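Scroll down for the structure; my scribbles are underneath it.
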Amino acid sequence: MTEAPDRVCVVGAGPAGLSTARALKRLGIAYDQYERHTDVGGIWDLDNPGTPMYESAHFISSRRVSGFFDFPMPGTYPDYPDNRRILAYTKAFADAYGLRGTIRFGTAVTRVERDGDAWAVELDDGTTHTYRAVVCATGVTWHPRVPRHPGTFTGAIRHARTYRRLEEFRGRRVLIVGLGNSGADIACDAAVAADAAFVSVRRGYHVIPKHVLGVPADEFDHRGPRLPLCLTRPLMSALLRVVQGDLTRYGLPRPDHKLFESHPLLNSRLVHHLQHGDVTVKPDVAGFDGARVVFTDGTSERIDLVLYATGYDWAIPYVPERYFAWRDGRPELYLTAFSRAHRNLFGVGYLEVNSSAYTLFDHISDLVARYLHDQRHAPGRAAAFDGLIARHVPDLSGGTRFVPSARHTAYADAHALRHCLTRVRERVGWPGLEPGMFDGVRAAAARDTEVRS
Ligand SMILES: Cc1cc2nc3c(=O)[nH]c(=O)nc-3n(C[C@H](O)[C@H](O)[C@H](O)COP(=O)(O)OP(=O)(O)OC[C@H]3O[C@@H](n4cnc5c(N)ncnc54)[C@H](O)[C@@H]3O)c2cc1C
């Protein structure tokens, strides 16, 4: 056993783990970072085994509002960069702040256990190390959720996680089950390449095009004056009606919820393919009958490949369930990050919001770093935050009644979350993120690179 009780353990070197590393480094907090893959980038690296990424994937949120704090994506990037650009950008982030040197690649964390006031972290090389804190940043899209349907099917059944490129659809009749953002993308690939493409949906969706009046839809939201929901919703609904018309014309069920009450489906290609009959909407799957899939309306189709785009179960398999108070498949974490029952056990990246995530990762990892810093250097402030962790139950819905589904259990409105984080900082006495605050980390990384070369 190697004793290192003064250090912090960061698990994962995807965007959330890298954000955490930068925040810890800025405050001079010693840490070790473990990444089971051979490089940084998380799901954006198509070579990372088990990634849900596919070749046609683009960012769903747009470039200007989606980068890490104070590290904008290159101006040469399009409004919605593809997965290769996001990976290159994430690698550039790791390099700019000199984060790679601290990462142990090819090393998985296999178990985390309480050890007195500290945490024992077991690695897949069989060693165990003791840390003062553990930050889990291993993502939420690694454990496919696959529904079971009755009957026997003679075609192929796969989860969307295994899908990589549209050539897989050539010469086949394909059914995509589920119409989240990935399902919609993949249905569009099938529309182009498959012999016949179907998408099975249980409910109707509000489809928001990626550009509204020539501006990326989410930038529109960030740039314009912040209107109350009672104005934004009818305005946006009217705009969508003008631009798209009634989507039930193309077979999509009428949504049973208001706009913004569920995770937005941002896609500009799907409506085009529906309008051109390249993809056909079917209702929920009732079961299988040999080579045919039977739907709840009694119709059936001969299908060669069923691809379940039915989402992912959240899991942090290396932390015994008792440490995170799981509810409806989500860990209960204060401000999406802080275990209420176990001091110095954190999660960064365990949030679902109606917006881009990276800057939020930075806001949250900064709080984690400040809290750890103040435990040693300003215990009064750390104690004030302990009080909030124990008792503060903020409403992060922003007044929106989200659809009651597992996905929306821990769902947050991004504006409400940002506002809450600001209030919390004010109460504890922590300043907000400021441009330039990471310049020192960057300069030190540049000096290190110069010395090495
Ligand atoms: C198709 C698609 C499009 C998306 N588009 C957007 C978008 O437009 N905007 C946006 O903000 N977000 C988007 N997302 C969300 C996406 O999840 C985030 O962009 C981001 O990748 C999450 O980062 P993360 O670090 O939390 O997790 P991940 O990217 O999953 O990284 C986790 C890392 O942890 C490692 N790891 C796992 N287990 C262990 C272990 N036991 N030990 C050591 N290492 C481990 C993994 O190898 C991985 O490198 C999209 C997601 C998908 C699937």
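FYI, it's all coordinate maths here, none of it is from the lab. Because the structure is predicted, anything quoted here is derived from the model rather than measured. We place every Cβ from the backbone using ideal geometry, glycine too, and count neighbours over all the protein chains shown.
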Check: Using modelled amide H (1.01 Å from N, peptide plane; none on Pro or chain starts), what sits under 5 Å from the amide H of residue 200, excluding residues fewer than 5 places away?
Finding: 176, 177, 178, 282
Check: What is the pair-distance distribution P(r) of the chain, computed from all Cα-Cα distances in 20 Å bins starting at 0, with each bin given as a whole percent?
Finding: 23, 55, 21, 1
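Quick one: 124, 413, fewest Cβ neighbours within 10 Å first, how do they rank?
By the 10 Å Cβ count, ascending: 124, 413.
Need one word for region 1-55: rounded, prolate or oblate. Basis is the Cα gyration tensor (sqrt eigenvalues a ≥ b ≥ c); a/c below 1.5 gives rounded, then a/b vs b/c decides. Each step should come with its number before you reach the end.
Details: a/c = 4.30, a/b = 1.92, b/c = 2.24.
Note, shape of region 1-55 comes out oblate.
Taking only DSSP H segments of four or more residues, each worth -39500 (n - 2.57), what value at 222 nm results for the chain once the sum is divided by all its residues, to the nearest 500 deg cm²/dmol?
On the way: 11 runs with 134 residues, N = 453.
Value at 222 nm, helices only, nearest 500: -9000 deg cm²/dmol.
Pull up the DSSP beta bridges for the chain and report the antiparallel fraction as a percent, rounded to 5. Each step should come with its number before you reach the end.
Working: 29 of 67 bridges.
The antiparallel fraction comes to roughly 45 percent.
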Check: Does anyone have the angle between helix 414-428 and the longest principal axis of the chain? Alpha-carbon axes, 0 to 90°, nearest 10?
Finding: 10 degrees
Next item on the list: List 434, 122 from most exposed to least, where exposure is judged by having the fewest other Cβ atoms within 10 Å.
Entry: 434, 122
Item checked: Selection from 333, 360, 252 lying farthest towards where the dipole of the chain points positive, charges on Cβ -> 252
Next item on the list: Could you bin all the Cα-Cα distances of region 157-211 into 10 Å bins starting at 0 and give me the percent of pairs in each, rounded to whole numbers?
Entry: 24, 55, 20, 1
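Could you compute the net charge surrounding residue 247? Neighbours are other residues with a C-beta less than 13 Å from the C-beta of residue 247; K and R count +1, D and E count -1.
On the way: positive: 203, 241, 249, 254; negative: 246.
Combined, the nearby Lys, Arg, Asp and Glu give +3.
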Next item on the list: Can you give me the P(r) profile for region 151-308? Cα pairs, bins 10 angstrom wide beginning at 0, each as a whole percent.
Entry: 10, 38, 31, 15, 5, 0
Note to self: Give me log10 I(q)/I(0) at q = 0.12, 0.20, 0.21 Å⁻¹ for region 281-351, Debye formula, one equal scatterer per alpha-carbon, no solvent.
What the structure shows: -0.55, -0.77, -0.82
Margin query: Between residue 397 and residue 450, what is 0.36 nm times their sequence separation minus the Cα-Cα distance? Round to one decimal in nm.
Written below: 14.4 nm
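If each residue's Cβ is checked for other Cβ atoms within 10 Å, how do 10, 368, 207 rank with the fewest at the top? Each step should come with its number before you reach the end.
Details: 10 33, 368 25, 207 21.
By the 10 Å Cβ count, ascending, the order reads 207, 368, 10.
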Next item on the list: Report, in degrees rounded to the nearest 10, the 0 to 90 angle that the Cα long axis of helix 15-26 makes with the longest principal axis of the chain.
Entry: 20 degrees
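Kirkwood Rh over alpha-carbon pairs of region 351-453, then Stokes-Einstein at 25 °C and 0.890 mPa s: what D in µm² s⁻¹, rounded to an integer? Write down the numbers at each step before the final one.
Working: Rh = 15.9 Å.
This corresponds to a translational diffusion coefficient of 154 µm²/s.
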Checklist line | Rounded to 10°, Cα long-axis angle of helix 358-377 versus longest principal axis of the chain | finding: 20 degrees
